[in-house]
Amino acid sequence: MGRADPEEGQLPAPVKPPDGGWGWIVLFGCFVITGFSYAFPKAVSVYFKELMKDFHVGYSDTAWISSIMLAMLYGTGPVCSIMVNQFGCRPVMLIGGLLASSGMILASFTTNIIELYLTAGVLTGLGMALNFQPSLIMLGTYFDKRRPLANGLAAAGSPVFLSSLSPLGQVLLEKFGWRGGFLIMGGLLLNCCTCGAVMRPLDMGMKRKMEKAQDKYEAKEMLPIGGKSEEGISTTDGTKKAKKVKKQPRKGKKLLDFSIFSNRGFIIYTISKFILVLGLFVPPILLVNYAKDTGVPDTEAAFLLSIIGFIDIFARPACGMVAGLKWVRPHVSYLFSFAMLFNGLTDICSARASNYTGLVIFCVFFGISYGMVGALQFEVLMAIVGSQKFSSAIGLVLLIEAFAVLIGPPSAGRLVDALKNYEVIFYLAGSEVVLSALFLAMATYCCLNRGKKKEPPPEKNLSTGGGSDTEEAESDVQEAEEHSSDNHQPAHSTDNAVVAASEEANHVAEEQSGEGGGCPEGDGEVLARDGCNADQTVERDSF
């Protein structure tokens, strides 16, 4: 019973993340997907001026293309979770790559802005959403010990692609026009299909072994403990009872697991993330216009975003390495709180920057803090809910973030139009980020850490998360053992009665022989035979 050999009737051990090997290929695919998902909606803005001329619309009309892409990326989170739980990561990513590519290709043939909303906005945005979420799930499947570093490296795809797609879009616009640029961009998005193809599931060869081993494991656990003769005689009854227990319907895998809302850590993370998103994206959106209003030339103002992107490239992997340290990883939520606090204080301290040097210093510190937040946000979520429930958790979190994205930046823009003052906006955005940091740190310390000290240590499970096949097999075995022990109670009581009767008969025979052989030989022989028969009956019943 000590070995975990499927051939010996034991359940095979759950698949452990390799933390390397093919996982590095999966990491590269996640790097590419993250780059396309976050950078593509911003890179499309290069074509807005040409679209305004051809379709005779304003800047706000064309800006809705990027807004719809981001809304689809965030708002379709639960739909992606359901599809991943139903069909798996790789098929969903292949479909997403085709949708993203076809959306941009069809957009190159559009004749009005509404058609652009439906093709480049809805189709491409949905395709990127179907790629982004499964890639993060697969990254958490392949990495455990090195997961913080893997998340940091994958998150670095966003600034790398942003710094490359924008110049590429400008070159394509000058040589082929916006229609040719959209067509070529659609071809580039087909690389998402390649990234989806390399997302090989870890448990591909384990499902059949698990199913076969469960039957043997359950049948063997049903057998009562005893000698080899007992095991041989009661094997038939044990297997029958195992089959009866096997017939009980099992709980199917949930398409969207809402039980994660019973996790206090998930609730705390979701609330803090909602407050964070309200102010996190406001400074980089308004930075260029803020610099222009202070008298900075257009080229130098646009270079400020390049500084943030360049710093961001190195900040994310570096923060991932720090988060992976043994003495830091158990407290990664506090590191995430520090990153948010750093970002919020940077916004507040730079609100009064009135020259180009001050804005450059702001961009350096903002790039560091922004990269730290980007590298840690999904690592903290994985640490809270585990890999089994991460697919449902990230979908629900992205849906909640979608509301914050639709509230934060537009509200900041309206305040700028009303107040004509960027200083107040930076104070407000920084205060929101600081509030989210303080809430996460204090709630984690008060609600989670103190609760862990009071509660007894939980039992160790074979796999992270709930609803695994191994746990269901163990529960079936326990139910079968209780069922078999209840059925054996009448048999044990019968055995005890027969044993008592045989002992009483032997005691009477000894008394009669001690009195001087009051019984004839024939009677003695009959008594001996009867005693022998009683012993045999006891042995058979004891079997």
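Read-outs throughout are calculated quantities, based only on the coordinates presented, and are distinct from any laboratory measurement. Remember, predicted model here, so these are calculated numbers, not experimental data. Note that each Cβ is placed from the backbone with ideal geometry, even for glycine, and that neighbours are counted across all protein chains shown.
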Mean Cβ-within-10 Å packing, highest first, puts peptides 26-38, 185-197 in the order 26-38, 185-197
Scalar couplings 3J(HN,Hα) for region 297-312 by Karplus 6.51 cos²θ - 1.76 cosθ + 1.60 (θ = phi - 60°), nearest whole Hz, x for Gly and Pro, are x, 4, 5, 5, 5, 5, 5, 4, 5, 5, 5, 4, x, 5, 5, 4
Expected sort for 308-314, 18-24 on mean C-beta neighbours within 10 Å, highest first, is 308-314, 18-24
For W22, other-chain or 5+-apart residues with amide H closer than 5 Å (H placed, Pro excluded) are none
Loop-resident trypsin sites (Lys or Arg not before Pro) in region 370-435 with no more than 14 other Cβ atoms inside 10 Å, DSSP not H/G/I/E/B, are K420
In whole Hz, the Karplus estimates of ³J(HN,Hα) for region 85-99 (6.51, -1.76, 1.60; θ = phi - 60°; x where Gly or Pro) are 5, 8, 10, x, 6, 5, x, 5, 5, 5, 5, x, x, 5, 5
Compactness summary of region 51-110: radius of gyration and Dmax from Cα atoms, Å, are 15.0, 45
Violations at 32 Å Cα threshold for listed pairs K42/K273; K16/K273; K326/K389; K42/K326 -> K42/K326
Of all C-alpha pairs within region 257-450, those more than 22 angstrom apart amount in percent to 49
In whole Hz, the Karplus estimates of ³J(HN,Hα) for region 270-283 (6.51, -1.76, 1.60; θ = phi - 60°; x where Gly or Pro) are 5, 5, 5, 5, 5, 5, 4, 5, 4, x, 5, 8, 5, x
Most packed first (mean Cβ within 10 Å per residue), the peptides 98-109, 345-356 order as 98-109, 345-356
